[in-house]
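Heads up, the thing below is written out as structure tokens.
The values are calculated or read from the model by the stated rules, or taken from the named source; none is laboratory data. Nothing here was measured: the structure is a model prediction, and the numbers come from that model. Every residue, glycine as well, gets a Cβ built from its backbone with ideal geometry; the counts of neighbours run over all protein chains shown. Note: accessible area is taken over every heavy atom of the protein model, side chains too, but ligands, DNA and RNA are not part of it. Shrake-Rupley method; radii C 1.70, N 1.55, O 1.52, S 1.80 Å.
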Amino acid sequence: MAIATIGASRRAPRASACSFDVFDTFLIRACTTPDGVFERTYELSHISESCPNVSDSYVQHRIQAEARARRDAKERRGSGEVHIREIYSLYPFKLFGLDRCSLDELVDAEYRAERELCRANYDMLQKYLEMKRAGHRVGFISDTYWNTEQLGALLRHCSPGLAWDFLYASCDNGTSKSETLFATYLAEQDIDPGASFHIGDNDTADVKGARRHGIRPRYYPQASAVLAARLQRESAVFELLCPGHPSRLDHGSRTLRRMAAAQMAEKTPAFHLGSTVLGPVMTAFDAFAVARHAELAQTGRCVATGFLGRDGFLSHLIWRDLRGDAAAYLEINRRVTLIGSADTMAPLCELLGKLTKIDAPAFADMLKVLPPAVAEFFRACPDGIATGSALAAALPELMDAGEIAALAAGLRRRLVAYLRATIQDFDACSDLVIVDVGYAGSVQKALRRIFDQEGIGIRLHGVYLMTLDDAFDDLADGDTATGLISDLIVTPHIKRMLIRNVALLEQICCSPDGSVRDYADGGPLREINPRPPKQIALAAEVQSGALAFASAAGALAEAYRLAPFASPDVAARWAAAALARLLLLPDDDELALFGGFRHDVNLGTHALAPMLDRAFVQDQVIARGLAAACTATAPPMWLAGSFATMSPSHAHLHLLFGAGRLPASVFGEAPCGTLQVGLFGADGRDTMETVTIYRTGLADLKLRIPLSRSMAIATIALPLARVARQGLLHGVVMQGGDSVSDAAKSVEVRHVADEALVFAGLARDGRCYRAETDDGCLIIPVPPFEDEIAIVSVALSSLSQDRILMTAC
């Protein structure tokens with residue numbers, strides 16, 4: 001009988017199966033990272049009432065308790081698998097004012113947090129049913145501290161009616177998928193591994209573990225490696241920008257991004273960035289604009305919405321694609337509104353004063369007139385080019401206020417005709433919502449003056465992605481302005497750092513057309529677009545990715561019961577973090593993608609400013625120090641990106657500076673010795689001067705050598721061997737001014753060419769050097785200078801000792 005039974009067993013085919021990992025595969029969580037469950041547990045437990053504002057401590061102690069429990073289990077049982085009660089048995093109850101009777105309460109709170117945050121992954125559920133229909137046995141294998149009963153109840157909570165053929169929890173079996181849990185499953189279920197599959201998100205446990213037992217794995221990561229790295233940076237940025245707010249609970253915003261990314265086919269890097277980074281930011285902004293429009297419309301007003309060109313172009317595309325209504329795209333900019341509102345010389349002078357440079361043709365193009373006195377002013381300027389500030393100061397003496405008023409009146413009439421042709425039922429509107437990237441509402445304020453001058457009573461409501469909120473206290477009665485990322489979301493200091501680097505966002509979001517310069521027959525007259533076609537095409541590819549996310553987000557959020565925009569403040573904080581991560585902490589792929597971008601200043605000139613300039617930032621750091629370099633004015637337009645081209649650490653230090661976390665006592669410069677340098681005059685007068693050696697917060701060494709023009713110094717001999725026998729020379733730069741103090745503060749930094757430097761008694765390999773003699777010197781030729789004082793700065797890293805703490809002589 002036994003022999004017959006064995007023979008029958010051998011003839012029976014072994015079953016094929018498809019097993020699923022549970023967490024982060026079949027179930028997804030509506031939080032940024034898995035430990036968001038612990039943060040929600042804190043909120044659900046009584047600890048949040050007795051010990052408020054310590055969620056991070058709770059989460060970290062929960063993580064540490066699990067680590068201790070697994071370590072103890074490994075020592076006692078040979079496996080680190082534990083049950084949830086074992087974890088909480090090692091929790092520091094007294095710290096949070098609890099006793100051990102609270103263990104069950106904490107376990108229950110965490111389970112409730114899981115039930116609240118977990119959702120069935122629709123794609124995995126469909127795959128589950130598909131494999132079931134194909135005749136495979138289906139079930140779950142999970143590395144978890146929840147036992148089989150708890151895990152099964154959680155699965156059915158997320159997918160009512162769900163049935164399975166097997167369910168394995170590692171804590172019940174005392175072994176994990178990386179150990180022998182797969183072997184247990186194969187043996188107990190009589191599974192044919194070669195005809196079976198396992199789907200999971202963990203490369204070690206789900207992929208390598210399954211493959212080791214002959215099961216065919218299917219890897220299902222929550223996010224690609226690129227996106228995962230960006231999200232990790234984003235979390236770090238959030239904690240800097242929004243301290244004191246839950247950093248793991250985002251109402252499902254990040255889960256929505258991951259699920260959208262999983263649905264979209266991999267396309268270009270530009271499309272991927274649009275769909276995973278910019279799209280979520282601009283979709284949150286779209287929801288904010290919709291809410292503001294609805295709020296105004298509830299009062300019974302006739303409300304129109306318009307998106308300001310050119311930066312509002314992407315926002316307009318999203319609104320149009322999601323709603324298909326008649327919101328207008330308004331080609332209005334600061335230049336035309338300021339000139340149109342100029343009943344005095346002041347608005348025009350304000351506009352011109354912001355220009356770096358301007359010439360006569362650009363002036364004539366802006367104002368449609370070139371008075372003889374203005375033409376003569378330009379002829380007297382070097383190469384016919386003036387600074388905007390110089391022209392603004394001189395203009396009241398060059399033009400009659402009546403000329404300005406006549407020009408403005410004509411432009412106002414043409415602008416209002418354009419608005420009537422573009423905004424449906426313009427004259428019936430009581431309120432106009434104008435949507436834009438931001439920042440100080442200069443267009444909104446100038447348009448208010450134009451409406452007042454033309455007798456138009458429409459109230460204006462600015463809706464901005466970012467606002468400089470102290471600029472809106474002077475709005476006219478009835479007008480309003482609100483920003484998604486306001487100073488209540490991030491501090492004003494951080495906001496200004498964001499706006500200092502916002503040129504990249506502007507270029508990505510703006511239309512492919514040139515900026516408006518005037519109007520005729522109810523339509524816009526545009527300037528030529530000076531941006532390279534390749535840049536325009538790349539921006540369009542990013543925009544297509546952003547539109548793809550916006551189109552998918554609504555249905556996905558509903559399907560997974562996510563509400564990323566339910567709380568405007570939560571949505572704003574995560575939008576700020578995602579945007580700040582892109583602008584302030586870009587990765588190498590983003591630097592390569594956007595490094596060639598150039599920014600058109602959009603003020604009547606065709607000049608293009610570089611987005612990145614590594615050499616500029618490095619020279620600023622050498623000359624003025626790290627903190628001062630973080631405050632450099634444009635160009636380059638993307639200062640944070642320029643820091644990132646030096647190193648990821650430099651980008652992070654720039655971010656810390658903007659967040660007020662870069663202490664001067666650590667990252668400033670401290671004297672650590674002195675050195676005698678030789679100064680050799682062109683007239684044969686030579687001298688030795690003692691200069692101070694400074695150590696920077698990055699352990700570099702810096703020397704500053706002041707020179708006066710009267711000294712007529714032609715060459716500096718710097719005995720590098722006495723500072724560091726081996727080192728890396730970062731560069732030599734020079735600043736000028738009327739005094740030593742003025743020169744040290746000057747942002748005009750000249751780089752002394754590397755090929756002009758002479759290494760005497762020093763073996764050189766690129767920027768590296770090694771002293772061959774005790775008197776090895778760096779010979780620096782001093783370029784001619786016209787200022788009274790020049791400061792020559794030298795920066796290097798010592799490779800011959802860890803840290804200089806004593807005087808060098």
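Any chance the stretch 235-255 includes a residue that's polar (S, T, N, Q) and modelled with pLDDT under 95? It would help to see each step written out before you state the result.
First, pick out the residues of the stretch 235-255 that are polar (S, T, N, Q): 235, 247, 253, 255.
Remaining after also requiring modelled with pLDDT under 95: 247.
Yes.
The criterion of at least 1 residues that are of a type in the set (F, W, Y), touching a strand residue (DSSP E or B) at 6+ places or on another chain (Cβ under 9 Å) and open to solvent by 20 Å² or more (accessible area, probe 1.4 Å) is met by the following helices (runs of 4 or more DSSP H) wholly inside the stretch 586-657: 614-624. Among the numbered conditions (1) among the small types (G, A, S); (2) within 30 Å of P636 (Cβ to Cβ); (3) open to solvent by 40 Å² or more (accessible area, probe 1.4 Å), the only one that A326 does not meet is (2). For the stretch 233-246, does any single residue satisfy the condition of being closer than 27 Å to E558 by Cα, of a type outside the set (D, E), buried (at least 22 other Cβ atoms within 10 Å of the Cβ) and touching a residue at least 40 places away in the same chain (Cβ under 8 Å)? Taking every residue of the stretch 233-246 in turn, at least one turns out to be closer than 27 Å to E558 by Cα, of a type outside the set (D, E), buried (at least 22 other Cβ atoms within 10 Å of the Cβ) and touching a residue at least 40 places away in the same chain (Cβ under 8 Å).
Would you pick out the residues in the stretch 353-377 that are assigned to a helix (DSSP H, G or I) and touching a residue at least 24 places away in the same chain (Cβ under 8 Å)? G353, A360, A362, F363, D365, M366, L367, A373, V374 - these are the residues of the stretch 353-377 that are assigned to a helix (DSSP H, G or I) and touching a residue at least 24 places away in the same chain (Cβ under 8 Å). For the stretch 419-429, the criterion of being in contact with an Asp or Glu (Cβ under 6 Å, 6 or more places away or on another chain), in contact (Cβ under 8 Å) with a residue 60 or more places away in the chain, part of a loop (DSSP other than H, G, I, E, B) and surrounded by 15 or more Cβ atoms within 10 Å (Cβ to Cβ) is met by no residue. Within the stretch 398-418, if we keep just the residues that are touching a Phe, Trp or Tyr at 6+ places or on another chain (Cβ under 9 Å) and not basic (K, R), the residue that is farthest from A446 (Cα to Cα) turns out to be L398.
Residues being in contact with a helix residue (DSSP H, G or I) (Cβ under 8 Å, 6 or more places away or on another chain), part of a helix (DSSP H, G or I) and free of Cβ contacts under 8 Å to residues at least 40 places away in the same chain: count how many of those fall in the stretch 177-191. Of the residues in that region, 2 qualify.
When R531, R517 are checked against the criterion of being among the basic types (K, R) and not in a strand (DSSP E or B), R531 stands alone in meeting it. I'm checking my understanding of the structure. Among residues of the stretch 737-781 that are assigned to a helix (DSSP H, G or I) and among the hydrophobic types (A, V, I, L, M, F, W, C), which one is least open to solvent (accessible area, probe 1.4 Å)? Residue satisfying both the conditions and the ranking: A743.
Restricting to the stretch 554-585, name every residue that is open to solvent by 40 Å² or more (accessible area, probe 1.4 Å), in contact with a His (Cβ under 9 Å, 6 or more places away or on another chain) and assigned to a helix (DSSP H, G or I).
Taking the stretch 554-585 and keeping what is open to solvent by 40 Å² or more (accessible area, probe 1.4 Å), we get 554-555, 558-559, 561, 563, 565-566, 568-569.
The next check asks that each one be in contact with a His (Cβ under 9 Å, 6 or more places away or on another chain); those that pass are 563, 565-566, 569.
Matches in the stretch 554-585: D569 only.
The residue pairs whose first member lies in the stretch 581-597 and is in contact (Cβ under 8 Å) with a residue 12 or more places away in the chain, whose second member is surrounded by fewer than 18 Cβ atoms within 10 Å (Cβ to Cβ), and whose beta carbons are closer than 7 Å, counting only pairs six or more residues apart or on different chains, are D587/A229; D589/V226; D589/P269; L593/P269. Looking only at the stretch 104-157, residues that are touching a residue at least 40 places away in the same chain (Cβ under 8 Å), within 26 Å of I47 (Cβ to Cβ), assigned to a helix (DSSP H, G or I) and open to solvent by less than 30 Å² (accessible area, probe 1.4 Å) come to 8 in all.
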